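What follows is one structure encoded as structure tokens, with my remarks underneath.
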Amino acid sequence: MPGASKSTLARRVSDELAAAAVYVPMDGFHLANHELLRLGRRDRKGAVDTFDAAGFVHLLRRLRAGEDDVVYAPSFLREIEEPIAGWIPVPADVPLVVTEGNYLLACQNGWERVRPLLDEAWYVEVAEETRLQRLITRHRAFGKSEEDARRWTLGSDQTNAQLVRTTRDRADVVVRID
């Protein structure tokens, strides 16, 4: 769920393995704000249908195929709230790609094609109060007022969390972070 420490855990695993792993977050596949506005979804940014699921699936297939010397994956910069193409180089000889995201185990909007491309999936969970406080703190750190941070956390983020919660049983491992 949003705020469960998925990114922190994924980065830590990747960092611990050094050159044997590359961290490639799903967040690089956020639709650009311009497109979200055009689609009328900007107020739900982060929802299952506000990402390019097909693009993420295509990236995973390219990474598994290992046919290119280097595949460049996008990243997401919270400072500007936009995805950035070509940010993460993934050499063909790296043995492990660590990815994370809310919808890797979802079964709609094209995300159902992700799970078969993953060798293993971990579901990360944390106490609800901790998760909500982390989200409010994150939103505040990136410019939202206290009121807007709470509204976003208890609105859009919480709606997304409810969907993610339904995917728990599709994971190979459940990691509890306290």
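Structure summary
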read-out: Residue satisfying all of: in segment 164-174; surrounded by fewer than 16 Cβ atoms within 10 Å (Cβ to Cβ) and under 16 Å from the mean Cα position of the chain (by Cα); farthest from residue 128 (Cα to Cα) among these; value: 168
read-out: Hits in segment 65-84 - residues which are within 15 Å of the chain's Cα centre (by Cα) and either at positive phi or open to solvent by 60 Å² or more (accessible area, probe 1.4 Å) (or both); value: 78, 81
read-out: Test for residue 94: is it within 24 Å of residue 33 (Cα to Cα) and either among the aromatic types (Phe, Trp, Tyr) or in contact (Cβ under 8 Å) with a residue 40 or more places away in the chain (or both); value: no
read-out: Hits in segment 113-162 (condition: open to solvent by 70 Å² or more (accessible area, probe 1.4 Å) and aromatic (Phe, Trp, Tyr)); value: 122, 142
read-out: Within segment 96-112, considering residues that are surrounded by 20 or more Cβ atoms within 10 Å (Cβ to Cβ) and more than 13 Å from residue 1 (Cβ to Cβ), the one nearest to the chain's Cα centre (by Cα); value: 99
read-out: Hey, residue 88 open to solvent by less than 40 Å² (accessible area, probe 1.4 Å), under 22 Å from residue 63 (Cα atoms) and touching a strand residue (DSSP E or B) at 6+ places or on another chain (Cβ under 7 Å) or not; value: yes
read-out: Candidate set: segment 41-63, residues that are surrounded by 18 or more Cβ atoms within 10 Å (Cβ to Cβ) and of a type in the set (A, V, I, L, M); chosen: the one nearest to residue 94 (Cα to Cα); value: 63
read-out: Selection from segment 117-143 of residues that are over 18 Å from residue 158 (Cβ atoms) and outside any loop (DSSP other than H, G, I, E, B); value: 117, 122, 141
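The values are calculated or read from the model by the stated rules, or taken from the named source; none is laboratory data. Predicted model, so just to flag it, every value in this text is computed and none were measured. Here Cβ is always computed from backbone atoms with ideal geometry, including for glycine, and neighbour counts include all displayed protein chains. Accessible surface is based on the protein model in full, side chains and every heavy atom, while ligands, DNA and RNA are left aside. Shrake-Rupley method; radii C 1.70, N 1.55, O 1.52, S 1.80 Å.
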